[in-house]
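Taking it in order: structure first as C-alpha cells, then the write-up.
The values are calculated or read from the model by the stated rules, or taken from the named source; none is laboratory data. Not measured: the values here are computed from a predicted model. Positions of Cβ are generated from backbone atoms using ideal geometry, with glycine treated the same way; all protein chains shown enter the neighbour counts.
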Amino acid sequence: MAGNRKYGFMRGNASGRNGSGVAKPFYCFACDKNHSASVEKVGISETGEVICNKQYLKMMAAKFEAQKNQIVGYGKLLSKRHDVMMLGVDGLNARVEFVKCAFEYDLVKEITSGGDCQRQFSSCFEMNDAELVIAEVIKASGKKYWLRYSLIKNLGMTLFKSWEDTATAC
Ligand SMILES: [Zn+2]
C-alpha cells in the first residue's frame, strides 16, 4: 500500500499492527463504533482513518474483487448509462447505482477522463436530485468500508466531507 504523508499518519501500520506501543481502545471508522484495546487495528494511509483488522481484511477482499472485475463493472455502467437520464424515482435509483458502481469498481478516474460514460457520470449530479444521490451513496459507504475508501481516494477528503454534510442534511 502506498504511503501517504499528507495526513502524517501512515507509519507502516505501526499503530497496533506491529505490536509496538501500548494498545488502547479506538474508534473504528468501518464499524462506526469503539473497539476495545484487544481488537487489532490498522491505519489506512489513503483515508487517514483507523479500522479494525477484520474490516481491513474485508476491505482488501472487496478491493481485489473489484479490481479483478473492472470489466464487469464497466459493462454495468455501459448498460445503465441511458437510465441515469430518466426523471423521477427510477432515474434516481439508476443514478445511485451508477455512481456506486463507478466507485465500487474503482472506475471513476477512468470514466471521468473521457469515453462513453463521462457525460452520464456528470448527469448523475445534474438531475435536480444530486443531494439524494449523494445521500444514498454515503449511506451505502457506511456499510462498506471499501466504498468509503474509494470515495475518499477519488474525491479527496474535503469533497468527501462535504458529501457527508450533504447526506446529513438530507
Ligand atoms: Zn471495526
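Each residue in the stretch 82-109 was checked for being surrounded by fewer than 16 Cβ atoms within 10 Å (Cβ to Cβ) and of a type in the set (D, E, K, R), and 3 of them qualify. Restricting the stretch 120-134 to residues that are surrounded by fewer than 19 Cβ atoms within 10 Å (Cβ to Cβ) and of a type in the set (D, E, K, R), the residue that is modelled with the lowest pLDDT is Glu126.
Taking Leu147 as the residue in question, decide whether it is touching a residue at least 12 places away in the same chain (Cβ under 8 Å), closer than 21 Å to Tyr105 by Cα and part of a helix (DSSP H, G or I). Considered against the rule, which asks whether it is touching a residue at least 12 places away in the same chain (Cβ under 8 Å), closer than 21 Å to Tyr105 by Cα and part of a helix (DSSP H, G or I), Leu147 comes out as yes.
Applying the criterion of being modelled with pLDDT under 50 and among the hydrophobic types (A, V, I, L, M, F, W, C) to the residues of the stretch 1-41, the residue that is farthest from the ligand (Cβ to nearest atom) is Ala2. The combined condition, being at pLDDT 95 or above and on the phi > 0 side of the Ramachandran plot, is fulfilled by Gly156. For the stretch 73-87, which residues satisfy the criterion of being closer than 20 Å to Lys109 by Cα and not in a loop (DSSP other than H, G, I, E, B)? Scanning the stretch 73-87 gives Gly73, Tyr74, Gly75, Lys76, Leu77, Leu78, Ser79, Lys80, Val84.
Yes/no per residue for (1) at pLDDT below 95; (2) under 19 Å from Glu136 (Cα atoms); (3) more than 16 Å from the ligand (Cβ to nearest atom); (4) charged (D, E, K, R):
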site	(1), (2), (3), (4)
Gly43	no, no, no, no
Gln55	no, no, no, no
Gln70	no, no, yes, no
Leu87	yes, yes, yes, no
Ala102	no, yes, yes, no
Gln118	yes, no, yes, no
